[in-house]
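Bear in mind these aren't lab numbers, they're just calculated from the coordinates by the rules spelled out. What you see is a predicted model; the values in this text were computed from it and never measured. Cβ placement follows ideal geometry from the backbone for every residue including glycine, while neighbour counts extend to all protein chains displayed.
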Amino acid sequence: MYRNSIVLFISVGIIAFASLNNTANITIFHKSKESTLTQVAELVKAKEMHALSHQSKEAFNHEAFNALLVAHVSETGIVNYKGFVENKKLLEDYIALLGESLPTETWTIEDKLAYWMNAYNAMTIDLIVKNYPIKSIKDLDKPWSQRLWKLGETWYDLNEIEHQILRKMNEPRIHFGINCASFSCPPLLNEAFVASKVDAQLNTLAIRFINDSQRNTISKTTVEISEIFSWFAKDFKKNGTLFEFLNNYSKVQIDPKAKKKFKKYDWTLNE
């Protein structure tokens, strides 16, 4: 599994360096590019050592997906779907790797969260790539019910992963981690989730989204918030009220008697 991930990483590296050279073919192997080759080799070696050193800590290596996210998603979550289209084989190969190693009972909750959130996001991107160019994921016929991805012996759709797996983990912050390819969704993280820091990643995403004035407008006495807090209210109120949940992450503390309404959801593609 780790060897396959390294192969994917090498592929991403070659593509990136080839693009920098602005050539129709991969001139990276030219003698004049020996220094670049050395840099690639050193980087790959470092990644390989990193992967090997984390085998005992991480149940699954997500470096291949991480490389794609770093290359094609901005820090603000804007997605370069054209780049994913160009590298669709690498994305498909990563999803195939997911299918070779499903979570087991021995995996930690952190490993399972990282695996299934990455799977959801990779599959959502793959769905857009398969139909690109489009203006909205809702232009597709039942996008969340398309059973297109085989993991192990089972074919999955996005609804099943979200509602039957992730939501049952009793972690409401997953709604900030999984992305529906739309502007009003919590922005896609430009790195893969990993077990060793998934809690910190979700905290960062929660703070970022709740305090994002484009998606949530919060004052002490009035809030106009994302519809995800309406659709998934049950998840956010398991340990208290919705306002109590929001106050864990909001820079402005909301009064318990504050007036509440929901923003209209913008399903425009997040590119």
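Quantify how much of the Cα-Cα distance distribution of the stretch 190-231 extends past 14 Å, in percent.
Within the stretch 190-231, distances greater than 14 Å cover 58 percent of Cα pairs.
Restricting attention to the alpha-carbon atoms of the stretch 117-173, what are Rg (one decimal) and Dmax (integer), both in Å?
In Å, with Rg to one decimal and Dmax whole: 12.0, 35.
Specify whether the C-alpha gyration tensor of the stretch 180-271 places it in the rounded, prolate or oblate class, a ≥ b ≥ c being the square roots of the eigenvalues: rounded for a/c under 1.5, otherwise prolate if a/b is larger than b/c and oblate if not.
Note, shape of the stretch 180-271 comes out oblate.
Pull up all non-local amide H partners of Thr268: gap of 5 or more, or a different chain, and H-to-H distance under 5 Å with H placed in the peptide plane.
When sequence neighbours closer than 5 places are left aside, the close amide H contacts are Phe183, Ser184.
With 5 Å bins from zero, work out the P(r) of the stretch 65-135 over every alpha carbon pair and list the percent per bin.
Using 5 Å bins, I get a P(r) of 3, 15, 26, 24, 16, 10, 5, 1, 0 for the stretch 65-135.
With the dipole of the stretch 57-262 worked out from charges on the C-beta (+1 for Lys and Arg, -1 for Asp and Glu) around the Cα centre, which of Gly83, Leu148, Thr222 lies farthest toward the positive end?
With unit charges placed on the Cβ atoms, the residue in question is Thr222.
Bins of 5 Å, beginning at zero and ending with the bin holding the largest distance: percent of Cα pairs per bin for the stretch 57-262, please.
Reading the bins upward from 0: 1, 7, 15, 19, 20, 16, 11, 6, 3, 1, 0.
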